[in-house]
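**Student:** What follows is a structure written as structure tokens; I'll ask about it next.
The values are calculated or read from the model by the stated rules, or taken from the named source; none is laboratory data. As the structure is a computational prediction, the values presented were derived from the model and not from experiment. A quick note on method: Cβ atoms are made from the backbone with ideal geometry, for glycine too, and the neighbour counts reach across all protein chains shown. To get the accessible areas, we keep the full protein, side chains included, count just its heavy atoms, and leave off ligands, DNA and RNA. Shrake-Rupley method; radii C 1.70, N 1.55, O 1.52, S 1.80 Å.
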2 protein chains.
Amino acid sequence: MTDLAAPARPSPGSPSEGASGAAAGRFVDGYLLYLLARASSVASAEFHEQVRARGVPVAVWRILASLKGTGEGLTVGELAKSCLANQPAISKTVDKLVAKGLVERQADGQDRRRVWVRLTPAGEAHVDELILEAQAHQARLVEAIGEGETETLRRALLRLIERAGSGAPSVDFDEFSDK
Amino acid sequence: MTDLAAPARPSPGSPSEGASGAAAGRFVDGYLLYLLARASSVASAEFHEQVRARGVPVAVWRILASLKGTGEGLTVGELAKSCLANQPAISKTVDKLVAKGLVERQADGQDRRRVWVRLTPAGEAHVDELILEAQAHQARLVEAIGEGETETLRRALLRLIERAGSGAPSVDFDEFSDK
DNA sequence: CGTTATTGTATGAAAAGGAATATTTTTAGG
DNA sequence: CCTAAAAATATTCCTTTTCATACAATAACG
């Protein structure tokens with residue numbers, strides 16, 4: 001328990017209603033982007049701990065996991081989008097993975113600006129182990145929140161991704177629209 | 001390699017099915033933690049851009065937003081949990097905010113290890129502006145995905161947070177639950 | 001009480017991340 | 001063709017985060 005001495009307050013980091021809300025709840029507790037960030041954080045926390053315990057930084061796990069299933073690999077730019085990171089960060093981490101022999105670079109034949117990154121056999125074996133852990137962890141998570149609820153969540157997330165990701169600069173340009 | 005750029009592939013960073021799936025989809029596209037991270041990332045991207053355009057780092061925004069609504073403030077440790085960051089990072093960012101006059105520190109009366117951080121009037125005014133932007137952005141987001149869908153998502157996220165956040169070991173004790 | 005363990009915050013060195021820019025290659029226009 | 005603009009990646013520099021630890025205060029226990 002982490003309650004402070006004087007008045008009972010709703011604890012930060014738990015949006016649930018406490019005993020006597022000091023000021024009818026904080027702003028963030030009703031803020032959708034905060035709920036999303038928090039849900040992602042708490043859901044990933046235990047697994048990221050497992051990954052780090054194996055000596056694998058989360059950024060590396062994301063690169064390897066993103067490459068799994070792509071036979072030819074991904075370009076650096078594609079990897080950046082997939083890993084939710086920016087391009088220089090990917091270039092640097094790929095350097096380290098190349099040094100470890102887990103991935104390899106290859107210049108594109110048609111467009112020599114592009115660089116493909118793909119798993120080596122060693123990298124494939126490595127990521128396969130991690131994916132087994134990830135799937136086991138996900139199975140426990142699904143079991144905890146229920147299959148139906150999981151599907152509901154998954155559909156809502158996919159919908160949010162496609163609506164928020166590409167769309168909606170329109171509102172800012174209302175004055176310019178076909179007037 | 002000759003045909004590197006040749007075949008049409010589903011683009012990374014969009015879980016939707018592309019033209020001709022190279023290998024029946026990547027691992028990450030079905031991975032729940034990835035969907036969560038991606039949804040949070042794309043949903044927050046535009047607003048974080050607005051905040052940075054005002055010269056406010058996201059880490060600062062999170063601290064100020066977390067403090068809004070807490071009259072007495074939060075301790076450094078509480079702030080760390082609320083901001084999904086670790087404690088040293090909060091201490092250092094609070095240093096800067098104190099220097100800017102947006103927050104103030106105050107040692108706890110009973111337990112002098114604890115340090116309360118609370119908004120100054122200037123900080124309150126500052127965060128109020130940002131919150132107005134956040135609410136406007138959220139309104140557009142809700143409009144884009146629909147009110148009903150938003151409520152579905154909100155409930156699913158809250159449920160995930162309470163299940164995954166504190167109580168993961170419950171699944172290990174299934175043998176003890178009466179049914 | 002004195003001693004040890006524990007908790008909460010701050011600090012310092014090392015690593016990671018991000019913004020801006022350089023470099024190379026491709027595309028577009030005259 | 002030749003030059004200008006755009007695109008993809010690498011590199012540089014600076015900020016931020018992270019890990020470990022130090023420090024201070026409380027709690028626990030003999």
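**Student:** Does region A:3-24 contain at least one residue that is modelled with pLDDT of 55 or more, within 30 Å of residue B:140 (Cα to Cα), touching a Leu at 6+ places or on another chain (Cβ under 8 Å) and facing chain B (nearest Cβ under 8 Å)?
**Tutor:** In the first step, residues of region A:3-24 are kept if they are modelled with pLDDT of 55 or more; the result is A:9-14, A:24.
Next, only the ones that are within 30 Å of residue B:140 (Cα to Cα) stay: A:10-14, A:24.
If we keep only those that are touching a Leu at 6+ places or on another chain (Cβ under 8 Å) too, we end up with A:12.
Still in the running and facing chain B (nearest Cβ under 8 Å): A:12.
Scanning region A:3-24, I find at least one residue that is modelled with pLDDT of 55 or more, within 30 Å of residue B:140 (Cα to Cα), touching a Leu at 6+ places or on another chain (Cβ under 8 Å) and facing chain B (nearest Cβ under 8 Å), so the answer is yes.
**Student:** If I ask for residues that are under 29 Å from residue A:46 (Cβ atoms) and β-branched (Val, Ile, Thr), which ones from region B:121-166 would you list?
**Tutor:** B:145, B:150, B:152, B:161
This table checks each residue for (1) within 12 Å of DNA strand C (Cβ to nearest atom); (2) more than 22 Å from residue A:30 (Cβ to Cβ); (3) part of a helix (DSSP H, G or I); (4) at the interface with chain A (Cβ under 7 Å from one of its Cβ atoms).
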| site | (1), (2), (3), (4) |
| --- | --- |
| B:49 | yes, yes, yes, no |
| B:55 | yes, yes, no, no |
| B:65 | no, no, yes, yes |
| B:69 | no, no, no, yes |
| B:77 | yes, yes, yes, no |
| B:89 | yes, yes, yes, no |
| B:93 | yes, yes, yes, no |
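**Student:** Go through (1) within 14 Å of DNA strand D (Cβ to nearest atom); (2) part of a strand (DSSP E or B) and name the single condition residue B:117 misses.
**Tutor:** (1)
**Student:** Now for a different question. May I ask you to say which residue of B:39, B:65, B:89 is under 27 Å from residue B:115 (Cα atoms), modelled with pLDDT of 95 or more and either crowded, with 21+ Cβ neighbours inside 10 Å or of a type in the set (Ser, Thr, Tyr) (or both)? Show your work before the answer.
**Tutor:** On the way: B:39 fails: under 27 Å from residue B:115 (Cα atoms); B:89 fails: either crowded, with 21+ Cβ neighbours inside 10 Å or of a type in the set (Ser, Thr, Tyr) (or both).
After applying the criteria, what remains is B:65.
**Student:** Can you pull out the residues in region B:108-129 that are free of Cβ contacts under 8 Å to residues at least 24 places away in the same chain and in contact with a strand residue (DSSP E or B) (Cβ under 6 Å, 6 or more places away or on another chain)?
**Tutor:** The answer is B:120, and nothing else.
**Student:** Within region A:46-62, is there a residue that is without any contact (Cβ under 8 Å) to a residue 40 or more places away in the chain, polar (S, T, N, Q) and open to solvent by 20 Å² or more (accessible area, probe 1.4 Å)?
**Tutor:** no
**Student:** Of all residues in region B:95-104, count the ones that are open to solvent by 50 Å² or more (accessible area, probe 1.4 Å) and either near DNA strand C (Cβ under 6 Å from one of its atoms) or of a type in the set (A, V, I, L, M, F, W, C) (or both). Break it down stepwise before answering.
**Tutor:** Going residue by residue through region B:95-104, those that are open to solvent by 50 Å² or more (accessible area, probe 1.4 Å) are B:95-96, B:98-100, B:104.
So of that shortlist, the ones also either near DNA strand C (Cβ under 6 Å from one of its atoms) or of a type in the set (A, V, I, L, M, F, W, C) (or both) come out as B:98-99.
Matching residues across region B:95-104 total 2.
**Student:** Consider residue B:146 carefully, then state whether it is on the phi > 0 side of the Ramachandran plot and open to solvent by less than 40 Å² (accessible area, probe 1.4 Å).
**Tutor:** yes
**Student:** I'm trying to understand the selection: among the residues of region A:120-159, which are closer than 27 Å to residue A:49 by Cβ and in contact with an Asp or Glu (Cβ under 8 Å, 6 or more places away or on another chain)?
**Tutor:** The answer is A:120, A:137, A:156.
**Student:** Kindly list the number of the only condition in (1) farther than 30 Å from residue B:164 by Cα; (2) within 20 Å of the chain's Cα centre (by Cα) that fails for residue A:136.
**Tutor:** Status for residue A:136: all satisfied but (1).
**Student:** Let me ask something else about it. If residue B:140 satisfies every condition in (1) exposed (fewer than 13 other Cβ atoms within 10 Å of the Cβ); (2) of a type in the set (Lys, Arg); (3) under 26 Å from residue A:32 (Cβ atoms) but one, which is the exception?
**Tutor:** It is condition (1) that residue B:140 fails.
**Student:** Can you confirm whether region A:109-117 contains a residue that is under 19 Å from residue B:34 (Cβ atoms) and within 16 Å of DNA strand C (Cβ to nearest atom)? Give the steps one after another, and end with the answer.
**Tutor:** Within region A:109-117, the subset under 19 Å from residue B:34 (Cβ atoms) is A:117.
Retained after the next criterion (residues that are within 16 Å of DNA strand C (Cβ to nearest atom)): A:117.
Checked region A:109-117: at least one residue is under 19 Å from residue B:34 (Cβ atoms) and within 16 Å of DNA strand C (Cβ to nearest atom).
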